[in-house]
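One structure is given below, encoded as structure tokens.
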Amino acid sequence: MSQFLSGNEAAARGLYEAGVRVGSAYPGTPSTEIFENLYPYESIYHEWAPNEKVAAEVAYGASIAGVRAVTAMKHVGLNVAADPVFTAAYNGVGRGFVIISADDPSMHSSQNEQDNRHYARAAKLPMFEPSDSQDCLAMIREAYDVSERFDIPVLFRLTTRVSHSRSIVEEGEPLVLEPLAYKRDTKKYIASPANAMVHRAQLEEKMKDLAAYAETCPFNTIDERGHKVGVISSGGAMMIAREVFPEDTSFLKLGFTHPLPMKLIRKFAESVETLYVVEELDPYLEEQIRAAGIDCIGKAIVPSMYELNPALLREALTGRKPETAEVEASAVPRPPVLCPGCPHRGFFYTLSKRKNTIIAGDIGCYTLGGSPPLSALDSVVCMGGGFSVAMGMAKAFEQIGEDKTIFGVLGDSTFFHSGITGVVEILYNKGNVIPVVLDNSITSMTGQQDNPGTGYTLMGEIAEAVSIESVFRAVGYKKIFTVDPQDLKAMRQTIEDAVACREPRAIIVKRPCVLIKRIKRERARCAVDRDKCRSCKRCLSVGCPAVFFKDGRSTIDPNLCVGCTVCLQVCPFDAIFKEEQL
Amino acid sequence: MSSDVRTIVLAGVGGQGTILVSRVLTTALIDAGYDVKMSEIHGMAQRGGSVSTTVRYGKKVDAPLVGKGEADILVAFEQMEAVRHSSILKKDGIIVVNDYKIMPLPVASGAAEYPDNYIEALSKAFRVIAFNAGEAAMALGNARVMNIIMLGAMVEAFEMEQFDWDSALAKQVPPKFLDINRRAFEAGRALAGRKV
Ligand SMILES: Cc1ncc(C[n+]2csc(CCOP(=O)(O)OP(=O)(O)O)c2C)c(N)n1
């Protein structure tokens, strides 16, 4: 049957058709929808793990036990999962094991633009790079065959445009595989130095065999149309190159890009007068092609930063700027903002007014607490970094004799991801840091996924909700303050109480995200009494998209407001009131 | 190089219903036998950010996205988004724009102004079809069908009436809302027809 699927949906379908039985992933744009689209397939157990390292380990365990298994993550997730992945490459697999990594060129929703193809070389993993949705489906099936034939995990590298673009896909029939009979194999699966010495040499042999496979891989294909110009490309860049180069250009489309089919590349290079290598991000192909002594034009003209598109490639080739008509007006930036009613707002508003305060933040919706007008963050590094970066700052200030109050701030999903080790660090090494968990009971930034604290699993089962407070207590924190951030007075008091507290303490800021569908809320909204408004603009400093200025007075958009009352609480003139029972 | 390929860009603010429009649009195009590719950037959609969707169709489509100066038509659900995305249009491109403003935070907080001359500035550079789709939707009795009014206007402006829009709507809209969406689609066509 033909379907119009996104790359992520097609990959999910491919996992089903490949007979995968166990999947473990952690959400992250642009990879999230792969696992969100596994729900129709009852044959696949699938879960959100607390983080990518756990996810990769769970999936690898399933492979060892004898079923096809998958893990999926965004590009930075592979940094977290790198440890088990590198060793899994040494040990090899039971049944097929595929690691899906989705890169985000142009950082549409990411903190960096790393090109994860380098991981294939560093970890010595075979790699597929699909160019569209049909590739996503078909290559997943091939990836499992490769994983089992060569006894090695396979890296499956997507990018935002491949993951989030839709194209027409031909679906196939699912494979039904007999389970493997499990037999303990200590030489294979125990990564001891003695075994690793053996695996190390085996891995080199596997790479040689894979290089031979690459030469005949059905996804490395030559489309011969002329002998003047030839283009080698892979992934999303391939489609852009096809679009831009003239009709009589020959193409070598590389769908399997580690190890590279150097003989095929050489043959192709010799068949054309001028060879281009078109890549998005780093010169991954180009450097290897050049190292093999083959001359080509690549990053000398094609940008190595940001997402590629046809206009950029055309400009790179011709030197001519794209033609459009100039509009004599410019748009004001429309940055993403905390939603109306977002529980993070009350916390950040309160801290934004506090003097001599340092706040090390983290990655989640609450990163937006660092934007104006709240502007209440000093740093954001990576998931789980909030507590530990705060710790380092605290130690540095101690060393140089600066007296500051230091908070480390992260969300509930981030707490379970890798915040807990920071909880231990602060207590163990006597940090003068107040750890704060912004517990909105969901993984919101990536689209409301469940996590270990929410009480539900990805497959919709009721689960044990892991208590954040109990974790702090078990580690040895003596005082845990829990507060509703929508009550600004209580919020302020709790912060001051925690600052004054001399024992190890933590704050849990608790209120569910307004976007959680299963929670029923009162219907309410706030409005401005325009006679009482004195135009002080205090309400604008909470940074709510529902509150704006009109004709010199504050106004609230009734379609956006959900009646959280944070603006009402900051108004010094009682000009804002709440309308109930709509 | 695929020269028969046409490119439509939908732009708006998270929550304005661009997704349903792109679904109806691609359904009609696929049913008519075209190769279709669609690409959306929706990472921060729920946080009130700017969102855009590219739909490309033809005998064979390669790239799912385009860059500056490459799109044939821009359907903007909000004025400022029309300006923000206008450089994606070819020189002789068409803009269908909802004459409606959603204040971005820098404007709401008083740090910037929302200019009054957007439609005028756009009209100097491109062929612009502007009308208030929100009011038209209210007149039909449901503010949410604004998006399908925009679709109808695009069909009129881009001369795409040969497709089976009715069946595409029926496939993508819940039966309960089909009737009002049909009327919205016709209203959009009429609104754009008057302006073409
Ligand atoms: C290593 C890594 N994995 C995944 C992501 C994607 N990501 C960004 S924010 C976020 C969720 C944060 O959830 P939570 O801490 O609960 O905060 P909320 O967004 O709900 O406020 C995720 C998964 C990432 N940036 N880095």
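Given +1 at the Cβ of Lys and Arg, -1 at the Cβ of Asp and Glu and no other charges, the dipole of region B:6-195 around its Cα centre is 240 debye to the nearest 20.
Placing R0 at 22 angstrom, the Cβ-Cβ distance between B:LEU178 and B:ASN132 gives a FRET efficiency of 0.35 after rounding to 0.05. The angle between the Cα long axis of helix A:75-91 and the main principal axis of chain A comes to about 40°, on a 0 to 90 degree scale.
Describe numerically, in nm with one decimal, the distance between label points set 7 Å from Cα along Cα→Cβ at B:ASP31 and at A:LYS355. Taking the two extended label points, one gets 6.8 nm.
Of B:LYS90, B:LYS37, B:LYS176, the residue with the greatest mean-square motion in the GNM of chain B, using alpha carbon springs below 10 Å, is B:LYS176.
Computed from Cα positions, the angle between helix A:193-216 and the longest principal axis of chain A comes to roughly 60 degrees. Net length available on complete extension from A:ALA65 to A:LYS478 is 144.4 nm, with 0.36 nm assigned per residue and the Cα-Cα distance removed. For the peptide A:237-244, the mean number of other protein chain Cβ atoms found within 10 angstrom of a residue's Cβ is 5. Per-residue mean of other chain beta-carbon atoms within 10 angstrom of the beta-carbon, peptide B:56-63? Shielding by partners across B:56-63 averages 5. Take the Cα of A:LEU175, step 7 Å toward its Cβ, do the same at A:ILE301, and the gap between the two points is 4.2 nm. Estimated from the Cβ-Cβ distance and a Förster radius of 30 angstrom, the FRET efficiency linking A:ARG290 and A:VAL198 is about 0.35. Pairs from the list A:LYS253/B:LYS90; A:LYS228/A:LYS321; A:LYS532/A:LYS578; A:LYS430/A:LYS478; A:LYS537/A:LYS578; A:LYS517/B:LYS37 with a Cα-Cα gap above 20 Å: A:LYS253/B:LYS90; A:LYS228/A:LYS321; A:LYS517/B:LYS37. Note on A:157-167: average number of Cβ atoms from other chains within 10 Å of each residue's Cβ is 5.
Each Lys and Arg contributes +1 and each Asp and Glu -1, all at the Cβ; summed about the Cα centre of the protein assembly as shown, the dipole is approximately 1840 debye. Relative contact order for region B:1-156: 22 percent, from Cα pairs under 8 Å spaced at least 6 residues apart, divided by residue count. For chain B, a Gaussian network of Cα nodes joined below 10 Å ranks B:LEU25, B:LEU178, B:LEU74 by mean-square fluctuation, and the top entry is B:LEU178. Tilt of helix A:7-17 relative to the longest C-alpha principal axis of chain A, in degrees (0 to 90, nearest 10)? Taking Cα atoms only, the helix is inclined about 60 degrees. Scanning chain B for long hydrophobic helices, with DSSP H runs required to stretch 27 angstrom or more by C-alpha along their axis and to average at least -1.0 on the Kyte-Doolittle scale, returns B:175-195.
Per-residue ellipticity at 222 nm for the protein assembly as shown, helices alone: DSSP H runs ≥ 4 residues times -39500 (n - 2.57), over residue total, nearest 500 deg cm²/dmol?
-11000 deg cm²/dmol
Would you mind classifying region B:89-144 by shape? Square roots of the alpha carbon gyration tensor eigenvalues, ordered a ≥ b ≥ c; an a/c under 1.5 is rounded, otherwise it is prolate if a/b is larger than b/c and oblate if not. Don't jump to the answer; show the numbers that get you there.
Numbers: a/c = 2.62, a/b = 1.04, b/c = 2.51.
It is oblate, given that a/c is not under 1.5 and a/b is not larger than b/c.
A Förster radius of 30 Å, combined with the Cβ-Cβ distance separating A:LYS537 from A:GLU580, puts the computed FRET efficiency at roughly 0.70.
Its relative contact order, with pairs defined as Cα atoms under 8 Å and 6+ residues apart, puts region A:344-510 at 21 percent. Peptides B:10-17, B:112-119 ordered by packing proxy, namely the average of other Cβ atoms within 10 Å per residue, highest first: B:10-17, B:112-119.
Below 8 Å, C-alpha to C-alpha, sequence gap of six or more: please give me the relative contact order for chain A in percent.
Numbers: 1238 pairs, mean separation 61.0, N = 582.
Relative contact order, chain A: 10 percent.
Apply the a/c threshold of 1.5 to the C-alpha gyration tensor of the protein assembly as shown and tell me whether it is rounded, prolate or oblate. Note, shape of the protein assembly as shown comes out oblate.
Working from label points 7 Å from Cα in the Cα-to-Cβ sense, the A:VAL381 to A:TYR39 distance is 3.7 nm. A Gaussian network model of chain B, with springs between Cα atoms under 10 Å, assigns the largest mean-square fluctuation among B:GLU156, B:GLU135, B:GLU120 to B:GLU120.
Potential lengthening of the chain between A:LYS430 and A:ALA212 amounts to 72.9 nm, from the contour at 0.36 nm per residue minus the alpha-carbon distance.
Excluding A:ASP145 itself, calculate the net charge of residues whose Cβ lies under 14 Å from the Cβ of A:ASP145, where each Lys or Arg counts +1 and each Asp or Glu counts -1.
Values: positive: A:ARG68, A:ARG95, A:ARG141, A:ARG149; negative: A:GLU17, A:GLU142, A:GLU148, A:ASP151, A:ASP209.
Once all neighbours under 14 Å are counted, the net charge is -1.
Extension gain, A:GLU496 to A:ARG225: 0.36 nm times the residue separation minus the Cα-Cα distance gives 90.3 nm. Computed packing ranks the peptides A:544-553, A:19-28, A:499-508, A:226-235 as A:19-28, A:226-235, A:544-553, A:499-508, most packed first, by mean other Cβ atoms within 10 Å.
Packing order of peptides A:485-496, A:346-357, highest average first: A:346-357, A:485-496 (average count of other Cβ atoms within 10 Å over each peptide's residues).
Each value in this text was obtained by applying a stated rule to the coordinates, not by laboratory testing. Bear in mind the structure is a predicted one, so any value in this text is a computation, not a measurement. Quick reminder, even Gly has a Cβ in these numbers, built from the backbone with ideal geometry, and neighbours come from all protein chains shown.
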